[in-house]
Amino acid sequence: MFKETHPILGTRDIQRAIAFYTQQLGFKLAFGDKADPPNYVGFQRDAVELHMQFQFEHEMETIRLRFLVQDPDALFSEYRQRGVECNPNSVHDTSWGTREFALYDFDRNALTSRDLTSAEKEGRCPHLCLQPDTLRPRQPARVALRLTDSVNQSSWASSRSLKR
């Protein structure tokens, strides 16, 4: 029933993230929603697909995974029989063309199960189908990296400008 997993990383600056993942890490922008600037994009490199979503500051610590499943209705029914609380309380069709439901585990990790969009089923494009050319960053971006050692309560930070 489960087919793929798509990790969803949070970002406070989607344009900066697009620049970093495409220009620095070598991913290709595969899709994005139609908002300006976009709130949700996907990157692809080789067989790996990575999703990214704008997040407010208080949401940044939540891990998000999207599972591509064969039948979200059947999985939702199975989870309900096992007493799992889902949000919303039903499977629903989205404006971006998927049928899905979501839940949080006991650590507040968000788990969404979805099916293929009609465009994906027809092999036309990944979901949301926005052309990557429309999502190019408009200005140079600055990237910051902070690594934290929770045992020693220390951190290391780096910041640099990205070149076009």
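The values are calculated or read from the model by the stated rules, or taken from the named source; none is laboratory data. Quick caveat, the model's predicted, so the values are computed rather than measured. Backbone-built Cβ (ideal geometry, glycine too); neighbour counts: all protein chains shown.
Just a few scattered comments:
- Condition met for residue 22 (modelled with pLDDT under 85, more than 20 Å from residue 115 (Cα to Cα) and not charged (D, E, K, R)): no
- Residue count for the range 18-39, restricted to those that are without any contact (Cβ under 8 Å) to a residue 60 or more places away in the chain and either charged (D, E, K, R) or within 19 Å of residue 49 (Cβ to Cβ) (or both): 7
- Verdict on residue 105 being in contact (Cβ under 8 Å) with a residue 60 or more places away in the chain and either surrounded by 18 or more Cβ atoms within 10 Å (Cβ to Cβ) or farther than 20 Å from residue 116 by Cα (or both): no
- When 91, 69 are checked against the criterion of being touching a Pro at 6+ places or on another chain (Cβ under 6 Å), surrounded by 12 or more Cβ atoms within 10 Å (Cβ to Cβ) and farther than 21 Å from residue 11 by Cβ, 91 stands alone in meeting it.
- All positions within the range 41-50 that are within 19 Å of residue 13 (Cβ to Cβ), of a type outside the set (Val, Ile, Thr) and crowded, with 19+ Cβ neighbours inside 10 Å: 42, 43
- Residue 121 falls short on exactly one of the conditions (1) modelled with pLDDT under 80; (2) surrounded by 11 or more Cβ atoms within 10 Å (Cβ to Cβ); (3) of a type in the set (D, E, K, R), and that condition is (2).
- Within the range 62-93, the residues that satisfy the criterion of being out of contact with any strand residue (DSSP E or B) (no Cβ under 8 Å at 6 or more places or on another chain) and acidic (Asp, Glu) are 71, 78.
- Scanning the range 101-113 for any residue that is in contact with an Asp or Glu (Cβ under 7 Å, 6 or more places away or on another chain), among the basic types (Lys, Arg) and modelled with pLDDT of 70 or more turns up nothing.
- Residue 90 modelled with pLDDT of 90 or more, outside any loop (DSSP other than H, G, I, E, B) and more than 15 Å from the chain's Cα centre (by Cα): no
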